[in-house]
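Below is one structure; the comments refer to it alone.
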Amino acid sequence: MQALQELVGLAEVEKAALGISATAQEIAQQPKTWRGTREVFMVQAERLRSFLEAAGVTGPAEERPCVVLTGAGTSDYIGQVLTLLLRREWRCEVQAIASTDLLMNLSDYLVPGRRYLVISFSRSGDSPEGVTGLSQMLAKYPDLSHLVVSCNAHGRMAEIARGRKNAYALVLDDVVNDRGLAMTSSFSNMVVLGQCLAHAWSTEAYDGIFDALVEAGEAFLLTAGAAVRELVEKRYERVCVLGSGALTGVARESALKVGEMTAGRVSTMSDSVLGLRHGPMAALDRHTLLICFASGDARRQRYEVDLLREIASKDVVAQRVVIGPAEAKALADCSERYLAIQPGVPDLYRPPVDVIFGQLLGLYSSMALGLKPDAPSPGGVITRVVGEFNLYETVA
């Protein structure tokens, strides 16, 4: 298996034959593109602050809006990894609701008389649930505020939001509008944008963390790439991915990347560190690769160490791989392979770095199976943008 930069450097005809013309580059470019995303935010920071202030984010605590983070699939996981950070920094109630759930249950989720800010994440801005959900909310709940975050300036969601007093369209650079089937750089860049939003009124406090994030990402691309290339040679039949806090969303996204890019030929599952014991552990076996995104917090680490030791004592996986903070001896001692994230990046900010492992595992597993990572789904069972289907009116 060639290193990621070697894959990126192949001639276009070779990349096309392997089906990596888009995906390999989109994974490799991430730390560099994060700087561009922060610049997009900084250019619009003043207008964004005004919009968010009008939405009530900085108002009296009892009058602040409930912030709903929504999207479908990977875009839902963006909301999941940002929930705790936005809750802490904005001091608002924040919840992630998949647009696939929100569309079908809109009147059940929205409490009459409550103030809401809905932040919609969508790579294409054209997903049926996102477009229809946004349109129906604007029509039936005109008092809601909407922030659309997308990577496609021509997407319908961005077009719907433009020119409205209660809506704002924030579009990232087209370079992160992934052309491959699986969202990779679009995921991490929209997460970085969410971190910028969290620090909309404290940009200097984010400076050091952001610089550390970029450096950690650049280093982890190399570390994770070497480890993944060795792991895929084992041809694991199952992958189980765990995390806690913001890293639970990373676990879900990583499992999805492997499932998508292997067309389901590698069985995947994900859970929280403490959730695994409540039934899902039954699915582990000696053909399972266990991956744990471990916390930098000492208290959370105790729970993670206990679980990893329990899994070893039950002899129910082939290998335990842990991604976590530097100098975490207890975690390293209860894993067969330990990958350290460079210091300076707290748990709530780590998702753009950690997810690189899942992306690379999906890429190399796909190639090992003879699939094309850019379009790995035989017969187009899944597509880059979900196709149109019947949509029905929401009753307010």
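Just a few scattered comments:
- With respect to (1) without any contact (Cβ under 8 Å) to a residue 40 or more places away in the chain; (2) of a type outside the set (Asp, Glu); (3) surrounded by fewer than 16 Cβ atoms within 10 Å (Cβ to Cβ); (4) outside any helix (DSSP H, G or I), the lone exception for Cys92 is condition (3).
- Residue within region 17-29 that is open to solvent by 80 Å² or more (accessible area, probe 1.4 Å), at negative phi and part of a helix (DSSP H, G or I) present: no
- Figure legend. Inter-residue proximity from region 291-305: first residues hydroxyl-bearing (Ser, Thr, Tyr), second residues not in a strand (DSSP E or B), beta-carbon distance below 6 Å, spacing 6+ or different chains. Indicated pairs: Ser295/Ser244; Ser295/Gln301; Ser295/Asp347; Tyr303/Val273.
- Options Ile78, Ile97: the member that is of a type in the set (A, V, I, L, M), within 30 Å of Gln359 (Cβ to Cβ) and surrounded by 23 or more Cβ atoms within 10 Å (Cβ to Cβ): Ile78
- Residues of region 100-119 classified as in contact (Cβ under 8 Å) with a residue 40 or more places away in the chain, assigned to a helix (DSSP H, G or I) and either among the aromatic types (Phe, Trp, Tyr) or open to solvent by 50 Å² or more (accessible area, probe 1.4 Å) (or both), total: 2
- Single residue of region 221-231 satisfying the filter (over 17 Å from the mean Cα position of the chain (by Cα) and open to solvent by 10 Å² or more (accessible area, probe 1.4 Å)) that is nearest to Gly296 (Cα to Cα): Thr223
- Residue in region 163-176 that is out of contact with any strand residue (DSSP E or B) (no Cβ under 8 Å at 6 or more places or on another chain), at pLDDT 95 or above and open to solvent by less than 10 Å² (accessible area, probe 1.4 Å) present: yes
- Residues of region 39-49 that turn out to be open to solvent by less than 70 Å² (accessible area, probe 1.4 Å) and either within 12 Å of Ala200 (Cβ to Cβ) or modelled with pLDDT under 95 (or both), as a count: 5
- Per-region count, region 297-317, residues under 27 Å from the mean Cα position of the chain (by Cα), open to solvent by less than 40 Å² (accessible area, probe 1.4 Å) and farther than 20 Å from Val250 by Cα: 2
The values are calculated or read from the model by the stated rules, or taken from the named source; none is laboratory data. For clarity, every value in this text was computed on a predicted model and none was experimentally measured. Every residue, glycine among them, receives a Cβ derived from its backbone with ideal geometry; neighbour counts consider all protein chains shown. For accessibility, only protein heavy atoms count, side chains too; no ligands or nucleic acids. Shrake-Rupley method; radii C 1.70, N 1.55, O 1.52, S 1.80 Å.
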